[in-house]
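Trainee: Quick one: the structure is below, questions incoming.
All of the numbers you see were taken from the coordinates with simple rules; none came from a lab. Quantities reported herein were computed from a predicted structural model and do not represent experimental measurements. For neighbour counting, all protein chains shown are included, and Cβ atoms are generated from backbone atoms with ideal geometry for every residue, glycine included.
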Amino acid sequence: MDHFSLQHGQLFAEQVPFRTIADAVGTPVYVYSRATLERHAHVFRDGLADVPRKHIAFAVKANPNLAVLRVLAKCGYGADVVSAGELDRALAAGMAPQDIVFSGVGKTATEIRHGLSNHIGQFNIESEEEGVMLAQIASAMGLTAQAVLRINPDVDAGTHAKISTGKADNKFGVGLHIGPGIYRRLSTLPGLSLRGVAVHIGSQLLSLDPLEAAFGKIGRLVAQLRADGHAISHVDLGGGLGVPYRAGEVTPSPADYGALVAQVTRDWDATIQFEPGRVIAGNAGVLLTRVVRVKPGILHPFVVVDAAMNDLARPALYDAWHDFAAVSPDGQRMTANIVGPVCESGDTFAMGRDIDRVGAGDLAIFRTAGAYGATLASSYNSRGIVAEVLVDEDRYAVVADRITPAEIMAAERVPAWLE
Ligand code: LLP
């Protein structure tokens, strides 16, 4: 459920007309709803009511905007970060260092030091080599790093290949069969307090079955590690819950997910950690755009909008579907291709799609753009970096300025020897 709805024939974000935002801020612009973010945060947590000890860390990569993180911090969420940049954002948004989990296969020594000096809650180690480095750095700093070992359970998440992370040939975590040996060796190192395991098999999961399979394997591993004499107090189950991108699409509910987790982890006697991203932010944001012109096509007309693949990369990267809706629908429909102005055919949001009729100058939104939207933006074709707005009931604020092409160019230099 979201708070973007038609009121008297006009699309609103909560109580703010999209038209007001477009007039004041320009387009394209991402628009987030605070009420929707908070609702999703609460629904996800409520789904886990039967999990007695839990920790929820928002996957910052899904939406790293400071104001969005602040909303979630106020909901009691921690952060799952994958870079020093994300770590700094989580801290700046007011998340407690203890509530921050640092994931990622390529943490550098500098990033590890940064996490340690900020006393973050946990490192999710993705290889033996990383664990050794973490132990060495922590020891040298006179600290002990809390950590879990990420396991690759070799489970097919049944999602797009580019966002699957738990298969044997994915780069993430260590294989189940070598996990216990790595765990044993790392657990002897000074500077490291290994307290459990982590798993995350992929994103936009539309079925709970792969999660059940992965969690089952993790449960058996936890039992084995305990039998080997290790104290396991934390198990991180990652994120991955899918969201509906098309009206009517059915996805597993947080309640169903929570029931599965409660049942599988019943006897684990550990703090269960979660790293949801998309399920919290996805449907809490839209990309507001204006139609530049409608150009006749050989099969269907091309609706050329002022948003492009550099603003919303998901269709180009993952063939993703984002519902399109006119801000002032006239009740008529049309079949069209929706494209951006960027000079490649990959800059296509939809082909031959049945949509609200729109014409030059009309405003429209792409829905479900609150996760992996603005954060994937680039300046390709020397376009600006898209602005972001947060709505809260009848007020709104620009929470990320548009970065203009001139500002981007100002960071570049022509060396003297070229002049
Ligand atoms: N934890 C870890 C270790 C992750 O790698 C991810 C996502 C998450 C949690 C959050 O997963 P979520 O709950 O959002 O599914 N750019 C792609 C998605 C990439 C996901 C990367 N990892 C997209 O737009 O679909």
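Trainee: Can you figure out the FRET efficiency of R413 with R185, using R₀ = 30 Å and their beta-carbon distance, to the nearest 0.05?
Mentor: Using R0 = 30 Å, I get an efficiency of 0.05.
Trainee: Sticking with this one: For a quick check: with amide H placed at 1.01 Å from N, whose amide H comes under 5 Å from D236's, ignoring anything fewer than 5 positions away on the same chain?
Mentor: V197, A198, V199, Q273
Trainee: So if we plug the beta-carbon distance of E129 and S5 into 1/(1 + (r/R0)^6) with R0 = 51 Å, what FRET efficiency do we get, rounded to 0.05?
Mentor: Efficiency at R0 = 51 Å is approximately 0.50.
Trainee: Lysine pairs, Cα distance under 19 Å, 8 or more residues apart or cross-chain: how many in the range 34-278?
Mentor: 9
Trainee: By its C-alpha gyration tensor, with a ≥ b ≥ c as the square roots of the eigenvalues, how is the chain shaped: rounded for a/c under 1.5, else prolate for a/b larger than b/c, else oblate?
Mentor: Note, shape of the chain comes out prolate.
Trainee: Taking the Cα centre as origin and putting +1 on Lys and Arg beta-carbons and -1 on Asp and Glu beta-carbons, what dipole magnitude results for the chain, to the nearest 20 debye?
Mentor: 300
Trainee: If you take every DSSP beta bridge whose two residues both sit in the chain, what share of them, in percent to the nearest 5, is antiparallel?
Mentor: Beta bridges within the chain, antiparallel portion: roughly 50 percent.
Trainee: For the range 263-358, what proportion of DSSP beta bridges, expressed in % and rounded to the nearest 5, is antiparallel?
Mentor: 75
Trainee: Expressed as a whole number of Å, what is the distance separating the alpha-carbon centroids of the range 356-419 and the range 154-190?
Mentor: Cα centres, the range 154-190 to the range 356-419: 36 Å.
Trainee: Provide the packing ranking of 220-228, 274-282, 385-393, 59-67, i.e. peptides ordered by the mean count of other C-beta atoms within 10 Å per residue, highest first.
Mentor: 274-282, 59-67, 385-393, 220-228
Trainee: Taking θ as phi - 60°, what are the ³J(HN,Hα) couplings along the range 231-243 by the Karplus curve (6.51, -1.76, 1.60), each to the nearest whole Hz, with x for Gly and Pro?
Mentor: Each residue's phi maps through the Karplus curve to give 8, 9, 10, 9, 10, 9, 9, x, x, x, 4, x, 10 Hz.
Trainee: To continue, here is another question. Through the Karplus equation 6.51 cos²θ - 1.76 cosθ + 1.60, θ set to phi - 60°, convert the phi angles of the range 393-398 into ³J(HN,Hα) values in whole Hz; use x for Gly and Pro.
Mentor: The phi angles translate into 6, 9, 10, 8, 9, 6 Hz.
Trainee: Tell me which of G26, V305, N170 sits at the most positive position along the dipole axis of the chain, charges placed on C-beta atoms (Lys, Arg +1; Asp, Glu -1).
Mentor: Working it through, the farthest residue towards the positive pole turns out to be N170.
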